[in-house]
Amino acid sequence: MKAYIAKRLAWTFFATWVTLTITFILMDLSPISASGAEFVDQQVQAGMDADEARELYEEQLGYGDTMWDRYVNFMVGLATLDWGLSTTYNQPVVDVIANSWIYSFQYVFPATVISVVLGFAIGLYSATHQYTREDYAATLFAFTGISLPNFWFAIMLILIFGVYLGWFPIFYSTEHGLLSLENAHQLVLPVVVLSTSAIASEMRYARAESLEYVHAEFVKTARAKGLSEGQVTVRHIFRPAMVPLITILVGDILGLLFAGGYVIEVIFQIPGLGLVSYEAIIQQDMPLVLATVLVPVFIAIIGNLIQDLCYTILDPRIDFGDR
Amino acid sequence: MTEQPLLSIRDLKTHFHTDDGVVKAVDGVSFDVHRGETVCIVGESGSGKSVTSESITQLIPMPPGEIVEGSVYYDGNDITTMTEDGVRSLRGSQIGHVFQNPQGALNPVYTVGYQIREAILSHRDVSKAEARELAVELLEEVGIPEAPTRVDDYPHEFSGGMKQRVVIAIALACDPEMLIADEPTTALDVTIEAQILDLFRHLQQELDMSIIFITHDLGVVAEIADRVVVMYAGKVMETGSVEKIFENPAHPYTKALLECLPGQAGLEPIPGALPSVTDPPNGCRFHDRCPYAIDMCRTGEQPPLHDLPGDHAVSCIHYEDGDGDLPELEDVDRMDAAIGGAR
């Protein structure tokens, strides 16, 4: 087991290195950016020759060196948390990330918890009550939730509950303290939008995986022992279904939340990682774009590591000892 | 036998509501199981043996299954009128179950010790440590070597026969008075089958349990049964002591089954197939495949169980007067003609 964890960790570092290297090569090969053009423009207006200005810019970015030197610079910078300067914010990229992640986390975390708990609970109920009215209702909800485009759903909610009914603010304000009631109040709509689609997809997965075990022979054994329906459902249907669900969980939730995050933060004007990333792309603020892309990549890599370690605990038949 | 039977099934009807219509899997079955005896239910696949056994403690999925009629008296109380909780308190504590496929009967993600403890803790007020000790004792009782260490192993670390022993240990966890074993040896190879049958015999002598043993293997019946219930297409064809059934079979179906046994006479298959369960034929369910069938067999209902001398009853019109025998094959047509003339 220890050897497996060590190997798995080594693989995590390797995967991270590969990701970073590919990112570097792509960045390095791409032509001068809009912000570079702007810089050159400014220098020319200040009386500098255009070619000199371009050289100055490239020098600042480290283009005077060989590709290998730039690569080493890039990797050392990443490792020492020197991720460059954001031209949009006039701040080190690390500071921008440090200031914005909490705004994403404050609604992504509750949405994740809500969607996993509710999604699994509804899915399990649907599986144990297959083809009942409640199951059909849950299925209808799931298909609706999956089909609704996030941006449209968010706008509709703002229109109905923000504009017409006035129950919720129509955009996010950073004036309230993060732990204040007002802040929780203004996060209701974003959380609803984000969790609706996530609940729907978790529910369908949970239903499908649990159905595998609803008619399993060991479930009959469990009933024959005299266990209650609740015990049978949780211990003998949900617990074995957890193994495949964990696989889906990390990838699926991550995708949903980060992709959903962009849309939601732009629509609700939440200054989180999504909005920062969106603006960085629009402004061609390359160091910041890179950083906002790498954060989810790191989370995905760590998430997969945790998921692989969970397997060995969840399913005793999986033994990585000899791999 | 004058004492009250431990289990008494009366006119049990279990139907399944499916898209293709109502499947009458069990259609009016009655038999008794006395304390300390082994009753074998025999019949071919699809005859309703398993559904009968799972109807006793209502393990059939409901819906689509439904016990539409009849009673199951356990120790004098009708289980079919009990609440969900009432039935559950019987399962595992009074009535243990062993199923056909040991590969699937254990949950792969829990240790066998956990799965035995679960049965103990749901009916008995003991600590977890005590339950664990009981689990080790049970594993020893069913013949698992090195039980104190094996108790923490997972099902995939056991062979098929060993898994079935674990399933039996779970069934025995709360000292039940009755064990229902649904083809417990069918999925095992022959040497293991013999060991498991020995275990059943041994346990019954030791614990004085009643056993309902379901099988399609008459060889197993001969080895283990005190009494036999022969089922066909959801109905009981014949019941009786194991001696009566083997030495003096009355029903044509039982006779045909015995001729399917490998022996001196050579194998004799039963022509035809089971009748439709959604739309069973009139009269005797077996008439279509029965060489002794006369016109009377093809109308009305399945004949009632006629008592024969000794512990023996048969559902066949040829025994209407309480004894008698099947007619000679060449007489069958003549009988039809005679009755046809009277009609």
Per residue Cα convex hull volume in Å³ - calculated over the stretch B:194-234
75 Å³
Heavy atoms only, 1.4 Å probe, whole protein assembly: order A:286, A:75, B:62 by accessible area, highest first.
B:62, A:286, A:75
Hey, what does the equivalent ellipsoid look like for the stretch A:2-93, semi-axes from the Cα gyration tensor as sqrt of 5 times each eigenvalue, largest first, whole Å?
35, 13, 10
Using the heavy atoms of the protein chains alone and a 1.4 angstrom probe, what is the accessible area of the protein assembly as shown per residue in square angstrom?
48 Å²
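Please give the length that would be gained between residue A:17 and residue A:48 if that part of the chain were fully extended, namely 0.36 nm times their separation in residues minus their C-alpha to C-alpha distance (nm, one decimal).
Computed gain between residue A:17 and residue A:48 is 7.2 nm.
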Determine how large the accessible area of residue B:89 is when every protein chain is in place; take a 1.4 Å probe and give Å² rounded to the nearest 10.
60 Å²
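Let's test the formula: R0 of 45 Å, r as the Cβ-Cβ distance of residue A:239 and residue A:156. What FRET efficiency results, to the nearest 0.05? Write down the numbers at each step before the final one.
Numbers: r = 38 Å, r/R0 = 0.85.
It comes to 0.70.
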For residue B:222 and residue B:268, extending 7 Å from Cα along the Cα-Cβ vector and measuring point to point gives, in nm, a value of 1.6 nm
Once ligands and nucleic acids are excluded and a 1.4 Å probe is used, how much of residue B:316 is accessible, expressed in Å² to the nearest 10?
10 Å²
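If eta is 1.567 mPa s and T is 4 °C, what Stokes-Einstein diffusion coefficient results for the protein assembly as shown, Kirkwood Rh from Cα pairs, in µm²/s?
Answer, rounded: 42 µm²/s.
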Between the Cα axis of helix B:128-141 and the main Cα principal axis of chain B, the angle (0 to 90°, nearest 10) is 50 degrees
Proximal aspartates and glutamates relative to residue A:7, as straight alpha-carbon distance under 15 Å, when same-chain residues fewer than 8 apart are discounted
A:308, A:319, A:322
Order of exposure, largest accessible area first, which applies to A:237, A:267 with probe 1.4 Å
A:267, A:237
State whether chain A is rounded, prolate or oblate according to the following rule on the C-alpha gyration tensor (a ≥ b ≥ c being the square roots of its eigenvalues): a/c under 1.5 gives rounded; otherwise a/b larger than b/c gives prolate, and the remaining case gives oblate.
oblate
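In the structure displayed, which of A:225/B:163; B:24/B:163; B:49/B:255; A:220/B:128; B:24/B:255; B:13/B:49 lie more than 21 Å apart, Cα to Cα?
The pairs that break the limit, which is 21 Å between Cα atoms, are B:24/B:163; A:220/B:128; B:24/B:255.
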Express in % the proportion of alpha carbon pairs of the stretch B:109-224 at distances exceeding 23 Å.
28 percent
At R0 = 41 Å, FRET efficiency that the Cβ-Cβ distance of residue B:17 and residue A:167 yields, to 0.05
0.30
Roll a 1.4 Å probe over the protein heavy atoms and report the accessible area of residue A:41 in Å², nearest 10.
90 Å²
Can you tell me what share of the DSSP beta bridges in chain B is antiparallel? A percent to the nearest 5 is fine.
65 percent
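The values are calculated or read from the model by the stated rules, or taken from the named source; none is laboratory data. If you're wondering where the values come from, they're calculated on a predicted model, not measured in any experiment. In this analysis, Cβ positions are derived from the backbone assuming ideal geometry, glycine residues included, and neighbour counts consider all displayed protein chains. Just the protein is used for accessible areas: all its heavy atoms, side chains included, with ligands, DNA and RNA removed. Shrake-Rupley method; radii C 1.70, N 1.55, O 1.52, S 1.80 Å.
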